[in-house]
Amino acid sequence: RRNEVAGRIVEARQRSPFESAIMLGDNMYGGESATDFVRKFETPYKPLLDNGVKFYASLGNHDDPNQRFYQKFNMDGKRYYTFRKKDAEFFVLDSTYMSPPQIKWLAEELKRSDAKWKIPYFHHPIYSSGARHGSELDLQKVVEPLFLENGVDVVFSGHEHFYERLKPQKGIAYFIAGSSAKLRRGENTSELTAKTYDEGLTFMLAEIEGDNLCFQTITDKGVTVDYGIIRKDTT
(Lines give C-alpha, C1' and ligand atoms only; values in the text may rest on other atoms or scores of the structure.)
Protein backbone atom coordinates (compact mmCIF):
# COMPACT_ATOMS: atom_id res chain seq x y z
CA ARG A 1 0.00 0.00 0.00
CA ARG A 2 2.98 2.29 0.43
CA ASN A 3 3.42 2.04 -3.33
CA GLU A 4 -0.22 3.06 -3.83
CA VAL A 5 0.44 6.24 -1.86
CA ALA A 6 3.53 6.94 -3.98
CA GLY A 7 1.42 6.45 -7.10
CA ARG A 8 -1.19 8.90 -5.86
CA ILE A 9 1.50 11.46 -5.07
CA VAL A 10 2.87 11.08 -8.60
CA GLU A 11 -0.66 11.60 -9.96
CA ALA A 12 -1.11 14.68 -7.77
CA ARG A 13 2.05 16.24 -9.14
CA GLN A 14 0.69 15.94 -12.65
CA ARG A 15 -2.14 18.24 -11.56
CA SER A 16 -0.07 20.47 -9.27
CA PRO A 17 3.64 20.37 -10.14
CA PHE A 18 5.25 20.76 -6.71
CA GLU A 19 9.03 20.94 -6.44
CA SER A 20 9.72 19.59 -2.96
CA ALA A 21 8.42 17.15 -0.35
CA ILE A 22 8.91 16.96 3.41
CA MET A 23 9.34 13.70 5.31
CA LEU A 24 8.21 13.49 8.93
CA GLY A 25 10.38 10.64 10.21
CA ASP A 26 10.31 6.85 10.45
CA ASN A 27 11.31 7.07 6.83
CA MET A 28 12.41 3.47 6.26
CA TYR A 29 10.92 1.24 8.97
CA GLY A 30 12.90 -1.97 9.21
CA GLY A 31 16.00 -2.68 7.15
CA GLU A 32 18.14 0.22 5.95
CA SER A 33 20.53 -1.47 3.54
CA ALA A 34 21.27 0.05 0.16
CA THR A 35 18.72 -2.36 -1.31
CA ASP A 36 16.10 -1.14 1.18
CA PHE A 37 16.63 2.46 0.15
CA VAL A 38 16.08 1.45 -3.47
CA ARG A 39 13.02 -0.73 -2.76
CA LYS A 40 11.30 1.50 -0.21
CA PHE A 41 12.14 4.94 -1.58
CA GLU A 42 13.96 5.24 -4.88
CA THR A 43 11.73 2.87 -6.86
CA PRO A 44 8.28 4.07 -5.67
CA TYR A 45 9.26 7.72 -5.99
CA LYS A 46 11.37 7.41 -9.14
CA PRO A 47 9.00 9.53 -11.28
CA LEU A 48 9.31 12.37 -8.78
CA LEU A 49 13.07 12.04 -8.32
CA ASP A 50 13.58 11.90 -12.07
CA ASN A 51 11.63 15.16 -12.40
CA GLY A 52 13.78 16.97 -9.85
CA VAL A 53 11.51 16.84 -6.81
CA LYS A 54 13.64 17.23 -3.69
CA PHE A 55 12.75 15.31 -0.55
CA TYR A 56 13.77 16.82 2.80
CA ALA A 57 13.76 14.25 5.59
CA SER A 58 13.53 14.54 9.34
CA LEU A 59 14.62 11.73 11.64
CA GLY A 60 12.13 9.55 13.54
CA ASN A 61 12.68 7.29 16.52
CA HIS A 62 12.84 4.23 14.24
CA ASP A 63 15.42 5.79 11.91
CA ASP A 64 19.14 5.17 11.85
CA PRO A 65 20.66 8.66 12.24
CA ASN A 66 23.04 7.78 9.40
CA GLN A 67 20.12 8.50 7.07
CA ARG A 68 21.35 12.07 7.26
CA PHE A 69 24.18 11.07 4.90
CA TYR A 70 21.82 9.63 2.28
CA GLN A 71 22.02 12.13 -0.55
CA LYS A 72 18.39 11.88 -1.68
CA PHE A 73 17.12 12.92 1.77
CA ASN A 74 18.93 16.28 1.36
CA MET A 75 19.97 16.53 5.02
CA ASP A 76 23.57 17.45 4.22
CA GLY A 77 24.81 15.19 7.02
CA LYS A 78 22.87 17.13 9.68
CA ARG A 79 20.40 15.85 12.26
CA TYR A 80 18.64 19.24 12.16
CA TYR A 81 18.78 21.93 9.50
CA THR A 82 16.88 24.63 7.63
CA PHE A 83 16.02 25.24 4.01
CA ARG A 84 14.08 27.97 2.27
CA LYS A 85 11.59 27.96 -0.59
CA LYS A 86 10.54 31.47 -1.63
CA ASP A 87 8.42 32.95 1.19
CA ALA A 88 8.77 29.88 3.44
CA GLU A 89 11.66 28.73 5.59
CA PHE A 90 11.50 25.22 7.02
CA PHE A 91 13.08 24.22 10.32
CA VAL A 92 13.71 20.49 10.37
CA LEU A 93 14.23 19.10 13.87
CA ASP A 94 15.44 15.85 15.39
CA SER A 95 12.73 15.46 18.02
CA THR A 96 14.10 12.13 19.29
CA TYR A 97 17.20 13.88 20.67
CA MET A 98 16.17 17.45 21.41
CA SER A 99 19.54 18.39 22.87
CA PRO A 100 20.39 21.79 24.39
CA PRO A 101 22.57 22.68 21.37
CA GLN A 102 19.63 21.96 19.06
CA ILE A 103 17.27 24.12 21.15
CA LYS A 104 19.80 26.97 21.11
CA TRP A 105 20.21 26.55 17.35
CA LEU A 106 16.43 26.60 16.81
CA ALA A 107 16.02 29.77 18.87
CA GLU A 108 18.76 31.51 16.89
CA GLU A 109 17.55 30.32 13.49
CA LEU A 110 13.92 31.28 14.11
CA LYS A 111 14.97 34.72 15.30
CA ARG A 112 17.36 35.20 12.37
CA SER A 113 14.86 34.22 9.69
CA ASP A 114 13.08 36.97 7.76
CA ALA A 115 10.80 34.49 5.94
CA LYS A 116 7.09 35.32 5.86
CA TRP A 117 6.27 31.70 6.75
CA LYS A 118 8.37 29.89 9.36
CA ILE A 119 7.42 26.20 9.28
CA PRO A 120 8.97 23.72 11.74
CA TYR A 121 8.51 20.02 11.17
CA PHE A 122 9.68 16.98 13.09
CA HIS A 123 8.61 13.50 14.10
CA HIS A 124 6.97 13.67 17.55
CA PRO A 125 3.82 15.83 17.78
CA ILE A 126 3.61 18.27 20.66
CA TYR A 127 -0.19 18.09 20.37
CA SER A 128 -1.90 14.79 19.57
CA SER A 129 -5.10 12.89 20.31
CA GLY A 130 -3.39 9.53 19.88
CA ALA A 131 -4.08 7.04 22.65
CA ARG A 132 -0.80 5.24 21.95
CA HIS A 133 1.49 8.27 22.23
CA GLY A 134 -0.42 11.51 22.70
CA SER A 135 1.05 14.99 23.10
CA GLU A 136 4.79 15.08 23.73
CA LEU A 137 4.63 17.43 26.72
CA ASP A 138 8.37 17.56 27.45
CA LEU A 139 9.03 18.56 23.86
CA GLN A 140 6.14 21.01 23.96
CA LYS A 141 7.69 22.84 26.91
CA VAL A 142 10.92 23.59 25.09
CA VAL A 143 9.79 24.31 21.52
CA GLU A 144 6.34 25.88 21.81
CA PRO A 145 7.62 29.10 23.46
CA LEU A 146 10.07 29.51 20.57
CA PHE A 147 7.26 29.03 18.04
CA LEU A 148 5.11 31.63 19.80
CA GLU A 149 7.92 34.15 20.10
CA ASN A 150 8.91 33.95 16.45
CA GLY A 151 5.67 34.06 14.46
CA VAL A 152 5.26 30.38 13.59
CA ASP A 153 1.81 29.71 12.10
CA VAL A 154 1.89 26.02 11.16
CA VAL A 155 3.76 22.88 12.33
CA PHE A 156 3.87 19.38 10.83
CA SER A 157 4.65 16.11 12.67
CA GLY A 158 4.33 12.35 12.23
CA HIS A 159 4.79 9.47 14.74
CA GLU A 160 1.08 8.72 15.15
CA HIS A 161 -0.14 6.44 12.36
CA PHE A 162 -3.21 8.43 11.40
CA TYR A 163 -4.03 11.87 10.05
CA GLU A 164 -5.07 14.63 12.41
CA ARG A 165 -5.58 18.35 12.09
CA LEU A 166 -5.62 19.81 15.56
CA LYS A 167 -7.69 22.77 16.62
CA PRO A 168 -5.36 25.78 16.60
CA GLN A 169 -3.29 25.88 19.77
CA LYS A 170 -2.37 29.42 20.90
CA GLY A 171 -2.89 30.54 17.32
CA ILE A 172 -0.73 27.85 15.68
CA ALA A 173 -2.07 25.16 13.31
CA TYR A 174 -0.71 21.66 14.00
CA PHE A 175 -0.96 18.71 11.61
CA ILE A 176 -0.11 15.05 12.18
CA ALA A 177 0.55 13.28 8.89
CA GLY A 178 1.78 9.87 10.00
CA SER A 179 -0.27 7.50 7.89
CA SER A 180 1.53 7.46 4.56
CA ALA A 181 2.84 3.90 5.02
CA LYS A 182 1.32 2.50 8.22
CA LEU A 183 -2.13 2.85 9.78
CA ARG A 184 -3.41 2.68 13.36
CA ARG A 185 -7.16 2.90 13.86
CA GLY A 186 -9.51 3.95 16.60
CA GLU A 187 -7.12 5.94 18.81
CA ASN A 188 -7.32 9.47 17.55
CA THR A 189 -10.19 11.62 18.77
CA SER A 190 -10.24 14.11 21.65
CA GLU A 191 -11.21 17.69 22.42
CA LEU A 192 -8.05 18.70 20.53
CA THR A 193 -9.29 17.28 17.23
CA ALA A 194 -10.53 19.48 14.40
CA LYS A 195 -10.40 16.72 11.77
CA THR A 196 -9.08 13.18 11.83
CA TYR A 197 -8.94 10.20 9.48
CA ASP A 198 -7.82 6.64 10.18
CA GLU A 199 -9.65 4.59 7.54
CA GLY A 200 -6.79 4.54 5.06
CA LEU A 201 -3.32 5.79 4.23
CA THR A 202 -2.95 9.48 3.45
CA PHE A 203 -0.59 12.18 2.26
CA MET A 204 -0.83 15.96 2.20
CA LEU A 205 -0.42 18.63 -0.43
CA ALA A 206 0.28 22.22 0.60
CA GLU A 207 0.73 25.41 -1.39
CA ILE A 208 1.62 28.87 -0.12
CA GLU A 209 0.36 31.94 -1.92
CA GLY A 210 0.90 35.22 -0.14
CA ASP A 211 -0.75 35.15 3.28
CA ASN A 212 -2.52 31.83 2.66
CA LEU A 213 -1.37 28.23 3.01
CA CYS A 214 -3.79 25.91 1.23
CA PHE A 215 -3.77 22.23 2.21
CA GLN A 216 -5.41 19.05 0.98
CA THR A 217 -5.26 15.56 2.51
CA ILE A 218 -5.72 12.66 0.08
CA THR A 219 -6.05 8.91 0.66
CA ASP A 220 -4.33 6.04 -1.10
CA LYS A 221 -7.62 5.67 -3.05
CA GLY A 222 -7.41 9.24 -4.29
CA VAL A 223 -10.20 10.60 -2.05
CA THR A 224 -9.85 14.02 -0.44
CA VAL A 225 -10.67 13.75 3.28
CA ASP A 226 -9.64 17.21 4.48
CA TYR A 227 -8.80 20.58 2.98
CA GLY A 228 -8.65 24.20 3.98
CA ILE A 229 -6.64 27.38 4.27
CA ILE A 230 -4.30 28.55 7.02
CA ARG A 231 -4.12 32.33 6.99
CA LYS A 232 -0.91 34.03 8.00
CA ASP A 233 -1.27 36.01 11.20
CA THR A 234 -0.12 39.47 10.16
CA THR A 235 -1.11 41.28 13.35
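The values are calculated or read from the model by the stated rules, or taken from the named source; none is laboratory data. All values reported here derive from a predicted model rather than from experimental measurement. Cβ sites come from the backbone with ideal geometry, for glycine too, and all protein chains shown count toward neighbours. Accessible surface is based on the protein model in full, side chains and every heavy atom, while ligands, DNA and RNA are left aside. Shrake-Rupley method; radii C 1.70, N 1.55, O 1.52, S 1.80 Å.
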(message) Within the stretch 5-124, what whole-number % of the accessible surface is contributed by carbon and sulfur, with the 1.4 Å probe and all protein chains included in the calculation?
(response) 50
(message) Sort Lys118, Lys85 by heavy-atom solvent-accessible area, probe 1.4 angstrom, most to least.
(response) Lys85, Lys118
(message) Quick check on the stretch 104-213: what are the equivalent-ellipsoid semi-axes from the Cα gyration tensor, as sqrt(5λ), descending, whole Å?
(response) 24, 16, 12
(request) Within the stretch 20-43, find all residues whose amide N lies under 15 Å from a label point positioned 7 Å from the Cα of Asp87 along Cα-to-beta-carbon. (result) none
(request) Work out how much length Asp76 to Asn212 would gain on full extension: take 0.36 nm times their residue separation and subtract the Cα-Cα distance, in nm to one decimal. (result) 46.0 nm
(message) Once each part is reduced to its C-alpha centroid, what is the distance from the stretch 1-54 to the stretch 88-117 in angstrom?
(response) 25
(message) Could you give each residue of the stretch 21-27 its phi-based ³J(HN,Hα) in whole Hz, using Karplus coefficients 6.51, -1.76, 1.60 with θ = phi - 60°, and x for Gly or Pro?
(response) 9, 9, 10, 9, x, 6, 6
(request) List the relative contact order of the chain as a percent without decimals, with contacts defined as Cα pairs under 8 Å and 6+ residues apart. (result) 15
(request) Using a Förster distance of 30 angstrom, determine the FRET efficiency expected from the C-beta separation of Asp138 and Gln14, and round it to 0.05. (result) 0.10
(message) How far apart, in nanometres, would the label points at Lys232 and Val38 be if each is projected 7 angstrom from Cα along the Cα-to-Cβ direction?
(response) 4.4
(request) Please provide three numbers in whole Å: the alpha-carbon extents of the chain along the principal axes, with the largest listed first. (result) 43, 36, 36
(message) Which lysines, if any, have their Cα less than 19 Å from the Cα of Lys40, not counting same-chain residues under 8 positions apart?
(response) Lys54, Lys72, Lys182
(request) Kindly sort His161, His62 by accessible area of their heavy atoms, largest first, with the probe set to 1.4 Å. (result) His62, His161
